[in-house]
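Q: Below you will find the structure I want to go over with you.
Only the coordinates and a few stated rules stand behind these numbers; no lab work does. Note that the structure is a prediction, hence the values are computed from the model and not measured. Ideal geometry is used to build each Cβ from the backbone, glycine not excepted, and the neighbour counts take in all protein chains shown.
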Amino acid sequence: MDLTIDTARPVAPLEHFWQSTGFTPAALLLDDDMQQQLEYLGSVPFGGVTHVRIHYLLELVRGSNLYDEHPDIDWSLLDEGLDALQREGLKPFFELMGNPGGYFDNFEDDQQAQAWRRFVRMLAQHCIDRYGREEVRSWYFETWNEPDVGWWKQSNRAFLIYYDACANGLRDVDDQIRFGGPGTARHMSEQMLGLLRHLDSGTDYFTGGKPKVDFISVHEKGAESSPEDLNPDMRGVVEREAALIEHIRKMHPSLADVPIMNNECDPQVGWSATHSWRGQPYYAGLVARTLNDHQRRLTDDLGARYVLLGNDNGFLGFWGQRTHLARFGSDNHRRYRRFEQVKKPVHNVMTMLTLLGDQRLSVSGEPAVYADLGIIATRRGDEQVAVLVYHSRDQIMSSGSEPVRLSIENVPFDDASIVHYRIDEQHANPYRLWTGVQRPFPHHVTPEQAELFSRMRREQELASLDGPRPAQVQNGRLELSFDLPLPGVSLILLTRKPSTAPGPVKGLRSRRYHGCTGQSQLMLRWQDEGSRALHTYEVMWSPDQTQPPQRINEPDLLCTAFLHVAGDVRGVYRVRAVDQWGRAGEMSAPIEVA
Ligand code: 8U8
């Protein structure tokens, strides 16, 4: 593949529309292992994971007298769950799903419809009081999950009344809160078509006017649920979404400009079934390719307002399950609060993607949409050029390698540094270490495996294949050649040297967790320093304030989290940022762990 990128020719803004994940049920938000996962999700820099879509959030709400004008509502568990997200800078993608107090089983009953609207109004007001109006406007609110496959127990008519009750409850408080649906599971199901008719030509149950809608959501996945590793059909996913977009334009032109999303865009239905590719680079490659195919086919070709693509992969589970991290330890979350978690390649690809710029660049030689090889070439102002190249195929057992030649032209700076990050079988792939040993069952991690976990954690960070080093930019032109294995994802960053060293690291905090290997664990989290010229964070430790600090993170870190695992984790911790020229920023204020 021979590609020429013209840095001087931005073709369109690049929205980072993929920064979302999801899981179920909401009660997991209260558990240590989910909270540790949230720390990792929140540590992806620059908001690389922003929205978390969660079923049954309203099951965390307890209430009585919900048919009354002034019901008694206890928000405390919901608050605890949403606080856990907000602590990590994450936002709920809030499905209005659940049955608080058990009052709601038929929205065709007017008393229940009115009560639901009132309840949603109180919920919106409560969220604004607690998190602020601007913050809540940056969330999404959505209907019940997949009302077409059994999550919804009421009639289709009741669903539309429920829809209007949600919309009006939110609008009663703030018209700028974003609301949509229906998040249906089956292609063009009656529940999707019925909602489109309602939004286009129906009347709002409460106002008699036009129903409110801020987005239309759908779920399209690549393969059905099966204990087998079916080869996913991600092209089919995009084409079915295209068919929905065409249907809306043809049948409901008044809705043609409503933003659209697939907020469960998973390669295979059935998050908990074991498909070992989910722990491997194959899945990371599919995510990169699928979002680029969405961008090209739906945004570029069809001109759709495509606003969000979510992988529903924020569950807790093992290598083969649909999760960001492999979790080891007892399945009984509540009783045995000891666990280990290791990052998967699909987590790290979110870090690669967040490093992309905000303008897409013109590329010549780009393969057609749906090709195995693809590129997303971007820049960010005059500071950075970021180019992602993937090699991915909808076929689980396939391998090989392709030569890639990049010619980057009109680079707007000379004093550039270059760094090449890579995910493939040999890079950022801790699963290969797991399979290389006589391995324990996930539920029976023992102290003998401490060494294995420390090796997997050395491997779990996004690592550089080449650089950072000075780039040979000549007359604004840089040539680069490499082989890209299948599956594989490369990210090349060309960065202008900032005039100053990184700023100080702020907001350092820590939390203890209990692992399974007998070692102590301390999670350190800090705020993003904000520099796109970052090479690594350095986590510094000393036994006390009088001793010189030493770096304890072996791998370089682009993320703002580090789990310190050691016999003892007492002492003084600090963190600083180091840029690609080796310049260190000011150390954070220390925290002392007794
Ligand atoms: C197609 C389909 C049929 C059905 O009976 O139930 C479904 C349930 C179907 C598709 C999706 C589904 O649930 C969603 O998908 C899950 C999964 O494991 O793939 C989860 O990711 C989601 O939380 C759930 O909304």
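Q: Let me know the Rg and Dmax you get for segment 1-112 when you use only its Cα atoms, in Å.
A: Expressed in Å, the Cα Rg and Dmax of segment 1-112 come to 19.9, 68.
Q: Here is a follow-up. With 10 angstrom as the radius, rank 456, 350 by how many other C-beta atoms surround their C-beta, starting from the fewest.
A: Working: 456 21, 350 24.
So the residues, fewest neighbours to most, are 456, 350.
Q: Using the scaling law 2.2 N^0.38 Å as the reference, what is the normalised Cα Rg of segment 338-445? Please list the in-between numbers first.
A: Values: Rg = 17.9 Å, N = 108, 2.2 N^0.38 = 13.0 Å.
Here the Cα radius of gyration is 1.37 times the empirical estimate.
Q: List residues of segment 570-594, by number, whose backbone nitrogen lies under 18 Å from a label position 7 Å along Cα→C-beta of residue 547.
A: 570-575, 590-594
Q: So what is the relative contact order of segment 471-576, in percent, for Cα pairs below 8 Å that sit 6 or more residues apart? Before the final figure, lay out the partial values.
A: On the way: 148 pairs, mean separation 26.7, N = 106.
Dividing the mean separation by the residue count of segment 471-576 yields 25 percent.
Q: If you average the alpha carbon positions of segment 500-514 and of segment 135-161, how far apart do those two centres end up, in angstrom?
A: Spelled out, the Cα-based centre of one part sits 39 Å from the other.
Q: With just the Cα atoms defining each centre, how far is segment 1-62 from segment 279-341? Give it in Å.
A: Computed from Cα coordinates, the inter-centre distance equals 9 Å.
Q: Determine the dipole magnitude for segment 436-531: charges of +1 sit on the beta-carbon of Lys and Arg, -1 on that of Asp and Glu, nothing else is charged, the reference point is the Cα centre, and the result goes in debye to the nearest 20. Don't jump to the answer; show the numbers that get you there.
A: Working: 13 positive and 9 negative charges, 93 e Å.
Approximately 440 debye in magnitude.
Q: Taking +1 at the Cβ of each Lys and Arg and -1 at the Cβ of each Asp and Glu, which of 464, 392, 225 sits farthest along the dipole of the chain towards its positive end, judged by Cα position relative to the Cα centre?
A: Value computed over the given set: 464.
Q: For the chain, take N as its residue count and report Rg(C-alpha) divided by 2.2 N^0.38 Å. Walk me through the intermediate numbers first.
A: Working: Rg = 24.4 Å, N = 594, 2.2 N^0.38 = 24.9 Å.
Rounded to two decimals, the normalised Rg is 0.98.
Q: In nanometres, what is the gap between the two model label sites at residue 458 and residue 583, each 7 Å from Cα along Cα-to-Cβ?
A: For the pair residue 458/residue 583, the computed spacing is 3.2 nm.
Q: Please state the Cα pair-distance histogram of segment 50-140 with 10 angstrom bins from zero: what percent is in each bin?
A: P(r) over segment 50-140, rounded to whole percents: 16, 51, 27, 6, 0.
Q: Counting residues in segment 128-208 as N, plug N into 2.2 N^0.38 Å and put the Cα Rg over that result. Intermediate values should be presented prior to the final figure.
A: Details: Rg = 13.5 Å, N = 81, 2.2 N^0.38 = 11.7 Å.
For segment 128-208, the normalised Cα radius of gyration comes out at 1.16.
Q: Separate question: Between residue 451 and residue 255, 0.36 nm times their residue separation minus their Cα-Cα distance comes to what? Present the calculation step by step, with values, prior to reporting the outcome.
A: Values: separation 196, 0.36 × 196 = 70.56 nm, distance 5.66 nm.
The span from residue 451 to residue 255 would gain 64.9 nm if fully extended.
Q: Roughly what % of Cα-Cα distances in segment 240-306 sit above 21 Å, to the whole percent?
A: Working: 822 of 2211 pairs.
Counting every Cα pair in segment 240-306, those more than 21 Å apart make up 37 percent.
Q: Between their Cα atoms, which of 212/250; 153/212; 91/344; 91/497; 91/210; 221/344 are more than 25 Å away from each other?
A: Details: 212/250 20 Å; 153/212 23 Å; 91/344 22 Å; 91/497 33 Å; 91/210 29 Å; 221/344 21 Å.
Exceeds cut-off: 91/497; 91/210.
Q: What length, rounded to one decimal in nm, is gained on full extension from residue 568 through to residue 130, with 0.36 nm per residue of separation minus their alpha-carbon distance?
A: Working: separation 438, 0.36 × 438 = 157.68 nm, distance 3.77 nm.
Computed gain between residue 568 and residue 130 is 153.9 nm.
Q: Hey, another quick one. Just add up the charged neighbours of residue 525: K/R +1, D/E -1, any other residue whose Cβ is under 14 Å from the Cβ of residue 525. Don't skip to the answer; put the middle values down first.
A: Details: positive: 87, 506, 509, 511, 512, 574; negative: 39, 88, 528, 529.
Summing Lys and Arg as +1 and Asp and Glu as -1 gives +2.
Q: Expressed as a rounded percentage, what relative contact order does the chain have, with Cα pairs under 8 Å and six or more residues apart?
A: Numbers: 1377 pairs, mean separation 84.1, N = 594.
Relative contact order for the chain comes out at 14 percent.
Q: Ranked highest first by average number of other Cβ atoms within 10 Å, how do 201-209, 463-471, 392-400 line up? Provide the component values of the computation, followed by the final result.
A: Numbers: 201-209: 13.9, 463-471: 17.3, 392-400: 15.8.
The peptides rank, most packed first, as 463-471, 392-400, 201-209.
Q: Per-residue ellipticity at 222 nm for the chain, helices alone: DSSP H runs ≥ 4 residues times -39500 (n - 2.57), over residue total, nearest 500 deg cm²/dmol? Kindly include the intermediate steps, with their values, before the conclusion.
A: Details: 11 runs with 138 residues, N = 594.
Calculated from helices alone, the mean residue ellipticity at 222 nm is -7500 deg cm²/dmol.
Q: Students often check this: by mean Cβ neighbours within 10 Å, which of 546-553, 243-250 ranks highest, and how do the rest follow?
A: By packing density, highest mean first, the sequence is 243-250, 546-553.
Q: For the ranges 378-384, 291-297, 566-572, what's the packing order if you count other beta-carbon atoms within 10 Å of each residue, average per peptide, and put the highest first?
A: 291-297, 378-384, 566-572
Q: How far apart, in nm, are the 7 Å Cα→Cβ label points at residue 174 and residue 210?
A: 2.4 nm
Q: So, one more: State, as an integer percentage, the relative contact order of segment 94-252 based on alpha-carbon contacts under 8 Å between residues 6 or more apart. Before the final figure, lay out each step's value.
A: Numbers: 214 pairs, mean separation 34.5, N = 159.
Value for segment 94-252: 22 percent.
Q: Between residue 74 and residue 398, 0.36 nm times their residue separation minus their Cα-Cα distance comes to what? List each step's numbers first, then the result.
A: On the way: separation 324, 0.36 × 324 = 116.64 nm, distance 5.28 nm.
My answer for the length gained is 111.4 nm.
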